[in-house]
Every structure is written in C-alpha cells, then in structure tokens.
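As structure tokens, the structure follows; a few thoughts come after it.
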Amino acid sequence: MSARTLVTGIGVAAPSGLGVEDFWAATRVGKNAIGPVTRFDASSYPSRLAGEIHGFDAREHLPGRLVPQTDRVTQLALAAADHAFADAGVAPGDIDPYGMGVVTAAGSGGVEFGGNELRKLWGRGAKHVSAYQSFAWFHAANSGQISIRHGLSGPSGVVVSDHAGGLDALAQARRQIRAGGRLTATGGFDAPVSPWGWAAQLAGGMMSAGAEPERAYLPFDEDAAGYVAGEGGALLVLEDEDSARSRGARTVYGELAGYGATFDPRPGSGREPGLRRAIDTALTDAGCHPAEVDVVFADAAGTKRLDREEAEAITSVFGPRGVPVTAPKTTTGRLGAGAAPVDVVSAVLSMREGLIPPTTNVELSPAYDLDLVAVRPRTASVRTAVVLARGRGGFNSAVIVRAVD
Amino acid sequence: MKGPTVAKTEFTFDDLKRILLDGAGADEEIDLDGDILDTDFESLGYESLALLETGGRIEREFAITLDDDVFTDNSTPRALIAAVNETLRAAALVDA
C-alpha cells in the first residue's frame, strides 16, 4: 500500500479571483464573474460572453524575460504556480530537484499567442513571426515554464483530454509520487478568449449564444442551452505524505484519495456512457463507500444530453437526491483544462470552511433527481468530495478528495 | 517586400536596447543602460531564441539580411552593432 498523496499548496487564477482568498471569497457566495468578452472584438461572433480574468498584468507577476515569450495561459499558470509554491512553503533548493516534477493539463495551448503569430505570417510575412512561436503555442509550455522557474527536474509532462485532463493530470502526478517522487505540481489551465480560441470552441457547437451573463450557462436547468467559456485554472502542490511530514508542511488541505477514468462507448451503440464507471472506479480506488461522500462537484456541461447523462450517473451511484451536487463554475463559465483543478480547490476549501459553494442562476429541471446546491451556499461538514470532469470526444474522469486529520 | 519608407542608415546602441526589450524583455538583474557594451549576450540573459528574435527584428526594421551566424561571431553588443552597421553600409553601396 502506497503512502498517501497530500495536497499541501494551492494556487488559483480564475475569473472569480486571482489567488486563493479572493477566489474563495467570491465562490463561496456565488459571485458572478461572467461578462461580455473584452479581450477581443466579439461583436460579430455568435457567443459574446466569457469568464475573463480582469486586471491581470503579466508584468506584475513574471520576470521581464518571460513576458514576450509566453501566451496568456502560461502567464496565468506561472502566477498560480508562484502562489502554490509559496503556499506550500517550498522554495527552490528545499527539496532535491529530481524529486520534484510538474504535470499539467491544457486544452487549447497558447492559442492567443499562436493566433497573433499566424496573423503576422499571413498578413506581413514569415519574417514577422516571433521566434518564441516555436514553443509559446505548445500545450506543454505551462509545464515547461513552471519546471524551469521552480527548479523541478523530476518526471514531468502534459495531458490533453479537454476538461477531463484537469483530473487526468492530478492522477498522473500521483503516479509520479507513488513511483518515488516527493512532490509534483499539478493542475490545468486554458485561456481561449481570443479569435482563434473562440473559433475552435464555436466549432464544437456547444457554446451558449445567450446574451445575459446570468442566463447564458444553466447546467441542469430546463433552459440549458450550452456553456460559456472562461479562462484560468489552478495549480496544486501534491506531496508524498512522508515527505510532507518530514519537512513539516504547514498546511495539509486534503488527500488525493481516488481516481477513475473511462472512455465513452461508440455513439449510437446504445451502451451506457462511461461516467458512472469512472465514479465507481474512483470510489473503489479510494476505498470509499458512496454514502461517505459529502458533495459532488459536477462537470456541468450545460447541454441537455450531457446534463442528463451526468445526472443519471450521479443518481445511479449515490441514489436519488443521495448526495449534495454543486457546480460553482456557473459563476466563471467552463475553463477547459482549468475547470476541474479549480473545482478540486473548491472541494478542499469546502472542507476547510464546512460550506458547499452554490450553483448560481440554475433552477433544477424536474427531469433530474439531484440534490442540487442551487442559488445559495449550504453549510455542511465536508470530509469527502468527488470532482467530475468530462472531455469532448468521450473522456470521463472522477477524483476523490478526502480530509486529512 | 515591404520596408521602411526611409531606410535607416545607422544601427545604434539605443536601437539594440530597444529591440532587445521589445522582442525578448530584460532580466531584472541586468541594467541595459549600464556598462554592457562588452558583456556577452548570454551573460545578459539572452538565450539563442532571444537572439534569433532580435536578429529578425533588426532585419525587418533595417531592411537587411544578417548572416545566420551573426550572433555566434559577434557575442557582445559592441561587436553586433559594428557587424550590423557594416551590413548596412554594404547594402547602401549596392543600392547606390
């Protein structure tokens, strides 16, 4: 039996707050952070709302050399990484660099940087393309830059599986620790609020065309009609329990206790979607009975079919109205690879405070037998939380986070 | 090929500092306005990609083509400025 894998540091860059305290102050009361797109002129696009991080100036957070060579998504990831390592109380040199790694998830990569360089390529010629396009667009750029900045020389990597990637990265980080690593920084980020990013998401056909920030993204509601996209994510410091204890880690937020991932059957096969099995697998991995679970953070895709599939999976595992379910991402929109790591942060903060943040704006459809924590937060003792995430194309992932005494 | 309306005929130390800053930023430990003419680019914190980007920007702004190994052969600001100006003079002779 492996030692436990603990969460000892967290950093968040979300539309609802940059830094854990601001983020939680907004999330716990369901403060809306969705608004009109301001990062580019979206007036001619069918989807014109986004969860944007306002007031983030990369120059205040990054060394001068890094700003011209990084996409916004990497800048957000580096800011969150600084917060996470400061929170964990780990500085370069504290731990053998080869015992530390970083595994992040990315959905779109550096799509704003890449879009700008493509515009230069076709508009002004190849000589105008930045040399940094060679890596700034790349999905692995976040892991690479975090690894350099924080001196993480151990096993590192990136996973790309849309929203599910945010949990798949955590699982890969736990594998690295179980294989002998001491610490792995892990999470996920996306920053798609740019013309190219928007074009890619629109092509998926599930973006909301709603114009009112509080009516555009309504998962599990009769009026669900797609999702609003947002930018940001979270980075967690995961540590081997013995290592964390021996260095005297000052905060243990919880344990990454279980993980399960499945892939959906071929469309039209008539077979059950894979989400229920992902939850069951994660519970088994954690040695956890469904009755022990205090809250489920839903993927909350925001389309009728995906909402129904998720509600059925949750009801099938936990019983009708058998567990509180919430989706605080209604305040930020869906953050791609960043969404689930942000939910994991919300899960451990729910444990800390004894409060489940609300799913805002949603009136639960009578079609779903869920105990949805809608509109207002709910006080509750939270010891075990499930976080769900699905990726376009059939990815299903579930993570169990458990309180540590 | 689009070029500047009036091609510049001299590449100055200020040009270099401005282009470095625009294209690659600056290390907080380094004062570009200090005595750096004979400090090699690597010590100033600029790796190969930063120099590639800098070379590309010089070529665009001054409408010249630099040798691929211009930074290998000229590893300090003083040497690079001299090399760029030599290329500029050669280009002016061809044009004239």
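Mind running the shape call on region A:102-212? Use the C-alpha gyration tensor, a ≥ b ≥ c as the square roots of the eigenvalues: rounded below 1.5 for a/c, prolate if a/b tops b/c, oblate otherwise.
oblate
Averaged over every viewing direction, what's the projected area of the C-alpha convex hull for region A:258-402? Give it in nm², one decimal, please.
Result: 7.8 nm².
Express in whole angstrom the spacing between the alpha-carbon centres of region A:1-34 and region A:102-152.
26
Per 0.36 nm of contour for each residue apart, how much would the distance between A:ALA380 and A:GLU312 grow if the chain were fully extended, relative to their Cα-Cα spacing? If you can, show how the numbers build up before the last one.
On the way: separation 68, 0.36 × 68 = 24.48 nm, distance 2.38 nm.
Separation in residues times 0.36 nm, less the Cα-Cα distance, equals 22.1 nm.
Taking the DSSP beta bridges in region A:266-393 as the whole, what percent of them are antiparallel, to the nearest 5?
Just about 20 percent of them are antiparallel.
About the Cα centre of region A:5-246, how large is the charge dipole given +1 on each Lys and Arg Cβ and -1 on each Asp and Glu Cβ? Please answer in debye to the nearest 20.
I would put it at about 780 debye.
Compute the relative contact order of region A:258-402 as a whole-number percentage, counting only Cα pairs closer than 8 Å that sit 6 or more residues apart in sequence.
In percent, rounded to a whole number, it is 33.
Would you look at the GNM of chain A, springs on alpha carbons closer than 10 Å, and say which of A:LEU170, A:LEU152, A:LEU306 moves the most?
A:LEU306
Just order A:222-230, A:103-111 by mean Cβ neighbour count inside 10 Å, highest at the front, would you? Walk me through the numbers before you get to the answer.
Values: A:222-230: 22.8, A:103-111: 29.7.
Top of the packing list down: A:103-111, A:222-230.
Amide H neighbours of A:ARG378 under 5 Å, counting only residues 5+ apart in sequence or on other chains, H built in-plane at 1.01 Å?
It is A:ILE356, by chain and number.
How many Å³ per residue does the convex hull of the Cα positions in chain A occupy?
It is 131 Å³ per residue.
For region A:5-246, calculate the relative contact order in percent as a whole number, restricting contacts to Cα pairs under 8 Å that are 6 or more residues apart. Don't skip to the end; give the middle numbers.
Working: 515 pairs, mean separation 74.2, N = 242.
Reported relative contact order: 31 percent.
Pairing the Cα long axis of helix B:13-24 with the longest principal axis of chain B, what angle in degrees results, from 0 to 90 and rounded to the nearest 10?
Tilt of helix B:13-24: around 70 degrees.
Could you work out how far apart the two model spin labels at A:THR284 and A:ASP22 are, taking each label as a point 7 Å from the Cα in the direction of the beta carbon, and quote it in nm?
Roughly 4.4 nm, to one decimal.
Would you mind telling me the share, in percent, of accessible area of chain A contributed by carbon and sulfur at probe 1.4 angstrom?
Taking all protein chains in place, chain A shows 51 percent carbon and sulfur surface.
Between chains A and B, what is the buried accessible area summed over both chains (1.4 Å probe, protein heavy atoms, nearest 100 Å²)?
1200
Explain nothing, just the number: relative contact order of chain A, from Cα pairs under 8 Å at least 6 residues apart, as a whole percent.
Once normalised by length, the contact order is 23 percent.
Quick one, can you get me the convex hull of the C-alpha atoms of region B:7-60 expressed as volume per residue in Å³?
Residue-normalised Cα hull volume stands at 78 Å³.
Accessible area per residue of the protein assembly as shown at 1.4 Å probe, in Å²? Kindly include the intermediate steps, with their values, before the conclusion.
Working: 20460 Å² over 501 residues.
That works out to 41 Å² for each residue.
The values are calculated or read from the model by the stated rules, or taken from the named source; none is laboratory data. Computed from a predicted structure; not experimentally measured. When we count neighbours, we look across all protein chains shown, and the Cβ atoms used for this are built from the backbone with ideal geometry, even at glycine. When the accessible area is computed, the model is the full protein with side chains, heavy atoms only, and any ligands, DNA or RNA have been set aside. Shrake-Rupley method; radii C 1.70, N 1.55, O 1.52, S 1.80 Å.
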